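The values are calculated or read from the model by the stated rules, or taken from the named source; none is laboratory data. Here the structure is a predicted model, which means the values were calculated and not measured. Here the Cβ positions follow ideal geometry from the backbone for every residue, glycine too, while neighbour counts run over all protein chains shown. We work out accessible area using only protein heavy atoms, side chains counted, and drop any ligands, DNA or RNA first. Shrake-Rupley method; radii C 1.70, N 1.55, O 1.52, S 1.80 Å.
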Amino acid sequence: QWNAAGTDAVAVPNGAENVAGTAHDIPSDLTCLKCHEGLDDGALGIGAIQLSHQEGGLTLASLIERGLLSDPPVGAVDLPGDEATQQALGYLHANCGTCHNPKGGEAFSKNAAIIYLQSAKQLGSVEQTTTYQEMVTRTNGNLSLLLKGVERMMSRPEKQMPPVASEVVDDEGVAVVAAWNKQLVKKFPQDKFADGGVRGDAGVSGDAGVKPRDAGRSP
C-alpha cells in the first residue's frame with residue numbers, strides 16, 4: 001500500500017479497504033489466490049487473445065518478432081463474429097475465464113460450470129469457440145446460466161459476479177454481454193426452457209435486454 005506521498009509502499013498481506021479515501025480495496029493474500037490460482041501460470045492477461053492488439057507496448061506480434069516464444073503462432077489471433085459477438089467473447093474470456101476454465105479457481109462453482117476461457121486454436125467460427133459450445137451446444141440452446149450470470153454481474157453485494165474484489169457494477173461489461181444475449185435469444189428462444197431465466201423478475205427481459213436498475217454503478 002502506497003504512502004500518501006507516493007514514495008514508498010508496504011506489504012499488507014491481510015488487505016486493506018477503501019485505500020487512500022477511494023472505493024478501491026487491496027485484496028488479502030488469500031483473496032488474490034482465488035483468481036490467480038485459476039490458471040496454471042498464475043498470471044492474468046498474458047495470453048494470445050489479450051495480447052493480439054494494436055495499442056502499443058507488449059503485443060503478441062512484438063513477442064513473435066523478437067523470437068521470445070517457444071511455439072509462436074503465425075501471427076495475431078482474431079475473434080470471430082460481428083462486433084457485438086467479438087466484444088462479448090473477449091469480455092467473457094478476459095474477465096470470467098480466469099475462474100471459468102477447466103482448472104477453475106477457489107471462487108468457481110463447478111456445479112454451474114460454463115467455460116469462458118477461450119482457446120486461441122478454436123477461433124475459426126463463432127460456433128467453434130469454447131464459449132459458444134459451452135453456452136449453446138452443450139445445453140442445446142438453454143441460455144439460462146448465461147442470463148443468470150448477467151443478473152449476477154448487475155448484483156451487489158449478494159451473489160455478485162465476480163464474487164471477489166469487485167464492488168462496482170461494470171455497466172459497460174453488462175451491456176456488452178447483454179447485446180450478445182439479444183442475438184442468442186433470438187436464435188434460441190427461451191420460452192421452451194422452464195428455467196430460462198428470461199421472464200418475470202429474473203433481471204433479463206424476454207429479448208435479453210437488461211432491465212435498468214436504480215443502483216447504476218453502485219458501490
Check your understanding: So residue 77 fits all but one of (1) among the aliphatic types (A, V, I, L, M); (2) open to solvent by 40 Å² or more (accessible area, probe 1.4 Å); (3) assigned to a loop (DSSP other than H, G, I, E, B); (4) over 30 Å from residue 1 (Cα atoms); what number is the exception?
Key -> (2)
Practice item. Could you tell me which numbered condition residue 21 fails, if it satisfies all but one of (1) touching a Ser or Thr at 6+ places or on another chain (Cβ under 8 Å); (2) at positive phi? Key: (1)
Check your understanding: Which of the following residues is over 25 Å from residue 115 (Cα atoms), without any contact (Cβ under 8 Å) to a residue 40 or more places away in the chain and of a type outside the set (Asp, Glu): 42, 56?
Key -> 56
Exercise for review: Identify the residue in the stretch 50-67 that is assigned to a loop (DSSP other than H, G, I, E, B) and hydroxyl-bearing (Ser, Thr, Tyr) and, among all such residues, is least open to solvent (accessible area, probe 1.4 Å).
Suggested key: 59
Check your understanding: Assuming residue 96 fulfils every condition listed in (1) under 30 Å from residue 29 (Cβ atoms); (2) among the hydrophobic types (A, V, I, L, M, F, W, C); (3) at pLDDT 90 or above apart from one, which condition is it?
Key -> (3)
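Taking the options 47, 105, name whichever one is of a type in the set (Gly, Ala, Ser) and modelled with pLDDT of 85 or more. Break it down into steps so the answer makes sense when it comes.
Values: 105 fails: modelled with pLDDT of 85 or more.
The unique qualifying residue is 47.
Could you check, for the stretch 118-132, whether at least one of its residues is within 30 Å of residue 26 (Cβ to Cβ), open to solvent by less than 20 Å² (accessible area, probe 1.4 Å), without any contact (Cβ under 8 Å) to a residue 60 or more places away in the chain and not in a loop (DSSP other than H, G, I, E, B)? Write out each step before concluding.
So in the stretch 118-132, the residues within 30 Å of residue 26 (Cβ to Cβ) come out as 118.
In the following step, the residues that additionally are open to solvent by less than 20 Å² (accessible area, probe 1.4 Å) were identified as 118.
From the residues that got through so far, the ones that are without any contact (Cβ under 8 Å) to a residue 60 or more places away in the chain too are none.
So far as the stretch 118-132 goes, no, none of its residues is within 30 Å of residue 26 (Cβ to Cβ), open to solvent by less than 20 Å² (accessible area, probe 1.4 Å), without any contact (Cβ under 8 Å) to a residue 60 or more places away in the chain and not in a loop (DSSP other than H, G, I, E, B).
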Exercise for review: State the number of residues belonging to the stretch 139-185 that are part of a helix (DSSP H, G or I), open to solvent by 40 Å² or more (accessible area, probe 1.4 Å) and of a type in the set (S, T, N, Q).
Suggested key: 1
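When you look at residue 70, is it out of contact with any Lys or Arg (no Cβ under 9 Å at 6 or more places or on another chain), free of Cβ contacts under 8 Å to residues at least 12 places away in the same chain, under 23 Å from residue 35 (Cα atoms) and in a loop (DSSP other than H, G, I, E, B), yes or no? Before the answer, list the steps.
Working: out of contact with any Lys or Arg (no Cβ under 9 Å at 6 or more places or on another chain): yes; free of Cβ contacts under 8 Å to residues at least 12 places away in the same chain: yes; under 23 Å from residue 35 (Cα atoms): no; in a loop (DSSP other than H, G, I, E, B): yes.
Spelling it out, it is not the case that residue 70 is out of contact with any Lys or Arg (no Cβ under 9 Å at 6 or more places or on another chain), free of Cβ contacts under 8 Å to residues at least 12 places away in the same chain, under 23 Å from residue 35 (Cα atoms) and in a loop (DSSP other than H, G, I, E, B).
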